[in-house]
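Single-structure report; data block below.
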Amino acid sequence: MARLGKLEQPLRFVRSRRGRLLVLISVVGPGVITGVTDDDATGVTGYALAGSQFGYDLLWVLVVTSICLWPIMEMVARMGVVTGKGLSDLMRERFGVAPTLWAMLLLFIANAATTVAEFTGIAAAAQLLFPFAGDTARYVAVPIAAVLVWVLVLRGNFRIVERVLLVLSLVFVAYAISAFMAHPPWGQVIRQTFIPTFHANTGFILIFISVIGTTITPWMSFFQQSNVADKGLHPADLGYERADTAIGIFMTQIIAFFIIVACGATIFAHHVAVNPSDPSAFSKIALSLAPLAGQYATLLFALGLMNASLMAASVLPLTTTYAITEAFGLERGIDKSFREAPAFLTIYTTLIVLGAAIAMFPGAPLALITNLPNIVNGLLLPLLLPLLLLLANDRRILGRYANGLFTNVLSGAVFVFLTGVTVVFLASIFFPGLFGS
Amino acid sequence: MFKEPSRGKVLPLLGTSVIFLSDFLNAEVVDVKQHRVGRVQDLIVLMTDPFPKVTGVILKGTRVRSIDWSLVRSWDNKELSLKVEGSQLQPHQRMEAELWLSRQVLDKQIVDMDGRRVVRVNDLQLSQVDGNLLLVGVDIGARGLMRRVGLEGLGRRVAAMLGLDWPHKLISWEAVDPVKSDVSSVKLRIAHTKLAGMHPADIAEIVHELSPDDRSAVFAALDDEKAADTLEEIQETGMQASILERLDVERASDILEAMKPDEAADLLADMPKERAQLLLQKMEEDEAEDVEELLAYREDTAGGLMTTGYVAVLHTLTAAQAIDRLRELEPDAESVYYVYVIDEEEHLLGVLSLRDLIVAKPDTRIRDFMIEKVMSVPVDASIRDVGAVIAKYNLLAVPVVDQHNRIQGIVTVDDVMDRVLPPRVAARRRRIF
């Protein structure tokens, strides 16, 4: 074979073709994507209700949920990097069929409820955008969104859809600007972020739980781990992945922070009562963007809600379907035909159809439905965490990357906290008089 | 897409009784005096051919953790009776080549050879042959799943009510072979011999569905040529790199040598610098140089896309000498169609087809019958331009030259197609998770 001139330039290695920054973005990815997706329809609703009803009283919960999120998301990211397997994959191999079946059943229910909420978010956004159309707006928008999500994810390119929606999430910056323009008492805001306030009444406890439930969700763990595993990272990249996870958590919470402050400085400050079961709840919440957008506040709010809902509506059914098919060794893959992967397509389609159908139910209280899954997710977490801990401590699975003492102690504290919250919540349901009203 | 494997047929080895591992797990263990001594936690098999033999039982709730299978007198109705008293139990002697069925096989992934897909071990089928209990099959069906959660009877009644047949989905253990992997104790895989007989594109498709460690385990089982071909079939460079990163350096460099230089270069460019350097050092000098040259070009140019695997001969040769030279070079299939003619400084002078060379009189100088008007592209030409040239002139490959018209490599039509076609069409399989 002809031999040619020797190499003169220095070797242009190291992912040079993509450049250093792009490496960072491609590695610093799953955590950020998960983090931003976490601010979905239920998130926007939960935070907005918190700010509208209780001003800055719940800001401190964001600090608490950040501390709760860290060990959970770090564990799944680490398991994804080291094993290259999804969470349900590890559950099945470690715990066998029966526990996995229960876990998958609960995940399905929780995620179906959340999917309903995402489509409800779409319905609400459509009604805000086209107020003159009344209910017709959502009867048109929801089926279109359902078909769009189904087609884009299965027959388009999920990664591109995901990135486009991620960029569109910049609309959340509107809350930050609006918050500043509303001139909240910053001293009080900062103080309430770090000093807890608690009201022993059912309304407060419900919002308290739903803020926790919308921030720390079971589906995030599955989504994050699959996403990380899919990257095919080497354990040497663990440092990057931890940074990515931390940035993702920060992004979730900073968005939540500004939504609460914006709502607190406007709706709460002007004593506008927002009742989630009231059909006009969303248009009241939209007022939080009035300092920035004036008469276009509703439009801006609707676009943000629409984008957040679409993003989660494409992520949730897919994550759920992957988790279930992975756990039971069923044929999966978005490019398979129905004959090749019947279970995969059935579960995926069922989730979307179910979500869209319930969201279109006549007279459904939209804000209530979008807030409900937060409570379900909040209740599920104490069940998921022990499984995560068992996996992350298993040296047969993780070798020298198994949990250290710090993570275990922190996770233990998180478990105690979340269980405590659940107990308080259940108490408030079964003994309504317990905390006054 | 693939032929459906024959499912649901009962393995010929079986008699009337179908025994599953799940029947044993958690079963009560009683000693010779019918005293309860504990429960079954796991079964141990010795990896004998063709079917592994059950040699021991792992117990829970007993003083002795594991006992020999020879101490088992009988087995029936969720109860294991022993030949001895509970106080006389002796521990089972661990041996090499033993597997713990529940811990190491059950619930793990397995490649279904016939279906060419990755499935899960829902249950394991055992069979009594000549007084031995043998592991004969793997249950990958829904029925196995239902059995594990204690709902098989219900499922069977429902199926009977509907007048449906509810077959077991079993794979014979003969089609299964455990592969040792560095990280996890045992991975279940198909037999190496069968793996080696598969088309690289099929292996690549299976590899897509496995975890990184399992992928490397599959690659460790292939020979260099097959591994190289399979790696080329995997089109995501990130995944290619992660597979090589998990193999040892010697082996990884052997596989790189067997790959086409342009593919090897793409792969190395996606690896951390130190690791790529190390691999290059371990490669044979010739192959390493080819790859290093290619690494110096931008990926989206002719230089980055080209391969150095082309055939060039000196213009002073005769047709016969040129053919001899071809024999020496043993070119790859993709580069044999065009023979480029160069001078001593490797300036591109012309091109010959293989046909031209063969039909020419043996002693004719090749420069007298070569085609002088040869289409070429500069090293910094864009992929689009290269594609345009190839398409316009209906070429199988186009030579790439530097600014002094010296040949640097060729770009084949295949390489361009992979890049010009939209990714949806080019990618064999799209993965999200």
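Structure data summary
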{"item": "Checklist (1) under 17 Å from the mean Cα position of the chain (by Cα); (2) crowded, with 24+ Cβ neighbours inside 10 Å applied to A:Leu62, failing item", "result": "(2)"}
{"item": "Selection from segment B:286-312 of residues that are outside any helix (DSSP H, G or I) and either more than 10 Å from chain A (Cβ to nearest Cβ) or under 25 Å from B:Leu352 (Cα atoms) (or both)", "result": "B:Thr301, B:Met306, B:Thr307, B:Thr308, B:Gly309, B:Tyr310, B:Val311, B:Ala312"}
{"item": "Number of positions in segment B:296-342 that are over 17 Å from B:Ile410 (Cα atoms), in contact with a Pro (Cβ under 9 Å, 6 or more places away or on another chain) and hydrophobic (A, V, I, L, M, F, W, C)", "result": "3"}
{"item": "Test: residue in segment A:32-55 that is within 25 Å of A:Phe417 (Cβ to Cβ), in contact with a Ser or Thr (Cβ under 8 Å, 6 or more places away or on another chain) and assigned to a loop (DSSP other than H, G, I, E, B)", "result": "yes"}
{"item": "Residue count for segment A:149-169, restricted to those that are of a type outside the set (Phe, Trp, Tyr), touching a residue at least 24 places away in the same chain (Cβ under 8 Å) and closer than 15 Å to A:Thr350 by Cα", "result": "3"}
{"item": "Residues satisfying the stated conditions in segment A:346-362, i.e. over 20 Å from the mean Cα position of the chain (by Cα) and touching a residue at least 12 places away in the same chain (Cβ under 8 Å)", "result": "A:Ile347, A:Thr349, A:Val353, A:Ile358, A:Met360, A:Pro362"}
{"item": "Candidate set: segment A:198-240, residues that are of a type in the set (Ser, Thr, Tyr) and more than 25 Å from B:Ile243 (Cβ to Cβ); chosen: the one farthest from the other protein chains (Cβ to nearest Cβ)", "result": "A:Thr202"}
{"item": "Qualifying residue in segment B:353-362 (condition: facing another protein chain (nearest Cβ under 10 Å), farther than 18 Å from B:Ile390 by Cα and among the β-branched types (Val, Ile, Thr))", "result": "no"}
{"item": "Segment B:356-375 residues that are closer than 18 Å to B:Pro399 by Cα, paired with ones that are of a type outside the set (Lys, Arg) and surrounded by fewer than 15 Cβ atoms within 10 Å (Cβ to Cβ) (beta carbon under 6 Å, 6 or more apart)", "result": "B:Met375/B:Tyr393"}
{"item": "Selection within segment A:173-199 - closer than 14 Å to A:Leu58 by Cβ and surrounded by fewer than 13 Cβ atoms within 10 Å (Cβ to Cβ)", "result": "A:Phe194, A:Ile195, A:Phe198"}
{"item": "Test: A:Ala117 is touching a helix residue (DSSP H, G or I) at 6+ places or on another chain (Cβ under 6 Å) and part of a helix (DSSP H, G or I)", "result": "yes"}
{"item": "Residue check, A:Arg92 of a type in the set (D, E, K, R) and either over 22 Å from the mean Cα position of the chain (by Cα) or surrounded by 24 or more Cβ atoms within 10 Å (Cβ to Cβ) (or both)", "result": "yes"}
{"item": "B:Leu280 modelled with pLDDT of 85 or more, more than 20 Å from B:Leu348 (Cα to Cα) and within 9 Å of chain A (Cβ to nearest Cβ)", "result": "yes"}
{"item": "Subset of segment B:49-63 (residues that are exposed (fewer than 15 other Cβ atoms within 10 Å of the Cβ) and assigned to a loop (DSSP other than H, G, I, E, B))", "result": "B:Asp49, B:Pro50, B:Gly61, B:Arg63"}
{"item": "Candidates A:Phe208, A:Phe180, A:Phe172, A:Phe223, filtered to the one that is free of Cβ contacts under 8 Å to residues at least 60 places away in the same chain, aromatic (Phe, Trp, Tyr) and part of a helix (DSSP H, G or I)", "result": "A:Phe180"}
{"item": "Complete set of residues in segment B:135-176 that are among the acidic types (Asp, Glu) and surrounded by fewer than 17 Cβ atoms within 10 Å (Cβ to Cβ)", "result": "B:Asp165, B:Glu174"}
{"item": "Matching entry among B:Glu225, B:Glu232, B:Glu257, B:Glu274 (being within 13 Å of chain A (Cβ to nearest Cβ) and not in a loop (DSSP other than H, G, I, E, B))", "result": "B:Glu274"}
{"item": "Output for segment B:293-310, where each listed residue is surrounded by fewer than 22 Cβ atoms within 10 Å (Cβ to Cβ) and modelled with pLDDT of 80 or more", "result": "B:Thr301"}
{"item": "Sole exception among (1) surrounded by fewer than 16 Cβ atoms within 10 Å (Cβ to Cβ); (2) at pLDDT 80 or above for B:Asp42, by number", "result": "(1)"}
{"item": "Matching residues, segment B:304-320, being small (Gly, Ala, Ser) and over 30 Å from the mean Cα position of the chain (by Cα)", "result": "B:Ala312, B:Ala319, B:Ala320"}
{"item": "Out of A:Leu384, A:Leu391, sole residue that is within 14 Å of chain B (Cβ to nearest Cβ) and over 29 Å from A:Ser280 (Cβ atoms)", "result": "A:Leu391"}
{"item": "Inter-residue pairs, beta-carbon under 7 Å, first more than 20 Å from A:Glu326 (Cβ to Cβ) and in segment A:230-245, second of a type in the set (Phe, Trp, Tyr), 6+ apart", "result": "A:Pro235/A:Tyr401"}
{"item": "Criterion violated by B:Arg327 - all others in (1) more than 12 Å from every other protein chain (Cβ to nearest Cβ); (2) buried (at least 20 other Cβ atoms within 10 Å of the Cβ); (3) free of Cβ contacts under 8 Å to residues at least 24 places away in the same chain satisfied", "result": "(2)"}
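The values are calculated or read from the model by the stated rules, or taken from the named source; none is laboratory data. Being a predicted model, the structure only gives us computed values, none of them experimental. All Cβ positions, even for glycine, are placed from backbone atoms using ideal geometry, and neighbour counts span all protein chains on display.
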